[in-house]
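Input: a single structure, listed below in structure tokens.
Every number here is computed from the coordinates shown, using simple stated rules; none is lab data. Here the structure is a predicted model, which is why all the values come from computation and not from measurement. Methodologically, a virtual Cβ is constructed for each residue, glycine included, from the backbone with ideal geometry; neighbour enumeration extends over all protein chains shown.
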Amino acid sequence: MIFPEWTTFNLVFYGFCLILVLGIGPVEYFGMSMMNYSKFRKGTGLPGWVGMAFLYFVPIVVLTIAGWSYLLNATFVQWAVYLAVVLHFMKRVLESLFLHRYSGPIDWSTTVLIACVYSLASGMLGFVNREPLPAPDLWFSVGVFLFVVGVAGNFYHHKLLADLRKNSLEYFIPKGGLFEYVVCPHYLFEILIWLGIALLSRHLVAFIILFFIVFYLSARALRVLKWYHEKFKDFPKDRKAILPFVL
Ligand SMILES: NC(=O)c1ccc[n+]([C@@H]2O[C@H](COP(=O)([O-])OP(=O)(O)OC[C@H]3O[C@@H](n4cnc5c(N)ncnc54)[C@H](OP(=O)(O)O)[C@@H]3O)[C@@H](O)[C@H]2O)c1
């Protein structure tokens with residue numbers, strides 16, 4: 001792992017990140033994170049596809065600005081990290097525009113908050129990527145593999161969700177793929193995407209982002225599982241939240 005120089009600024013900054021990572025799970029689980037979209041949306045705001053496409057596009061711009069000084073002469077590893085993050089966010093922009101069928105709006109504050117969180121993550125990754133891993137190694141190849149599996153699995157389960165909405169914008173019990181075991185398999189594959197990116201980058205920052213996402217998505221998936229049990233009286237009792245048979 002590539003650690004930063006432990007200056008006073010970095011100690012304070014990484015300490016702050018650690019607090020965010022440890023706090024995000026309980027904050028999301030108890031509904032205090034202000035991520036009021038989808039099943040937990042409140043009130044009105046932007047059309048879902050507009051807000052989502054916007055909040056996934058801004059981090060691409062921030063990443064590109066952060067990497068501007070080295071991108072024209074970038075090494076293979078620097079390009080790999082940059083392109084993986086761009087690919088992930090661009091996929092989400094395209095899915096928001098052309099795949100998902102949102103049943104309602106996303107409010108402004110949630111849109112801006114999520115755009116800021118993602119931009120902070122992509123900006124930090126772009127910044128530390130100026131001092132990359134010297135050369136690809138075995139873990140780098142594992143990272144490429146996990147990233148590709150993550151992207152494919154994430155897309156596949158988004159498609160299954162979109163197919164539920166062919167004739168109506170209601171909520172249904174999802175079927176197929178890992179939906180037979182967990183309510184949020186798409187979140188599990190999102191975690192694989194970020195594990196892959198962390199293995200490509202190998203910077204401490206990338207692992208901090210990964211753990212933030214693991215805690216956030218696990219907590220949200222537990223909330224979603226509770227929501228399904230409340231909404232559907234016949235909901236399968238053995239279905240888990242995010243990790244088949246475990247959580
Ligand atoms: N990195 C992170 O921290 C992070 C966090 C959150 C999301 N994400 C990414 O964004 C992706 C989508 O996340 P999300 O939280 O928006 O997922 P989601 O709440 O499951 O929604 C995805 C889409 O499926 C629809 N949907 C969900 N459940 C449905 C059901 N039971 N029946 C019919 N339609 C249903 C939603 O419609 P409605 O909008 O109408 O509910 C929405 O259009 C994730 O898989 C992940 O890739 C990343």
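Values computed for the structure shown
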item	result
Arg223 farther than 30 Å from Trp79 by Cα, more than 16 Å from the chain's Cα centre (by Cα) and away from the ligand (no atom under 11 Å from the Cβ)	no
Filter result for Ala206 (under 20 Å from the mean Cα position of the chain (by Cα) and away from the ligand (no atom under 12 Å from the Cβ))	yes
Of all residues making up region 77-115, the number that are within 13 Å of the ligand (Cβ to nearest atom) and either among the β-branched types (Val, Ile, Thr) or part of a helix (DSSP H, G or I) (or both)	19
Test set (1) touching a strand residue (DSSP E or B) at 6+ places or on another chain (Cβ under 7 Å); (2) over 26 Å from Ser69 (Cα atoms) - Val128 fails condition number	(2)
Unmet criterion (only one of (1) away from the ligand (no atom under 11 Å from the Cβ); (2) exposed (fewer than 15 other Cβ atoms within 10 Å of the Cβ)) for Leu46	(2)
Set Pro244, Pro185: member being touching a helix residue (DSSP H, G or I) at 6+ places or on another chain (Cβ under 8 Å), crowded, with 20+ Cβ neighbours inside 10 Å and not hydrophobic (A, V, I, L, M, F, W, C)	Pro185
Qualifying positions in region 14-37 - over 15 Å from the mean Cα position of the chain (by Cα) and in a helix (DSSP H, G or I)	Tyr14, Gly15, Phe16, Cys17, Leu18, Ile19, Leu20, Leu22, Gly23, Pro26, Val27, Tyr29
Candidates Leu94, Leu83, Leu63 - the one that is under 19 Å from Val205 (Cα atoms), without any contact (Cβ under 8 Å) to a residue 40 or more places away in the chain and not basic (Lys, Arg)	Leu83
Hey, Phe179 at positive phi and aromatic (Phe, Trp, Tyr) or not	no
Every residue from region 171-202 that is more than 18 Å from the chain's Cα centre (by Cα) and within 7 Å of the ligand (Cβ to nearest atom)	Tyr171, Phe172, Ile173, Pro174
Which numbered condition Ala162 fails, given (1) near the ligand (Cβ under 10 Å from one of its atoms); (2) surrounded by 18 or more Cβ atoms within 10 Å (Cβ to Cβ); (3) part of a helix (DSSP H, G or I)	(2)
Filter result for Glu230 (out of contact with any strand residue (DSSP E or B) (no Cβ under 6 Å at 6 or more places or on another chain), of a type in the set (Asp, Glu) and assigned to a helix (DSSP H, G or I))	yes
Cross-chain or 6+ apart pairs with Cβ under 7 Å, region 146-175 first and more than 15 Å from Ile191 (Cβ to Cβ), then of a type in the set (S, T, N, Q)	Leu169/Ser103
Selection count where residues are within 11 Å of the ligand (Cβ to nearest atom) and of a type in the set (A, V, I, L, M), scope region 116-129	2
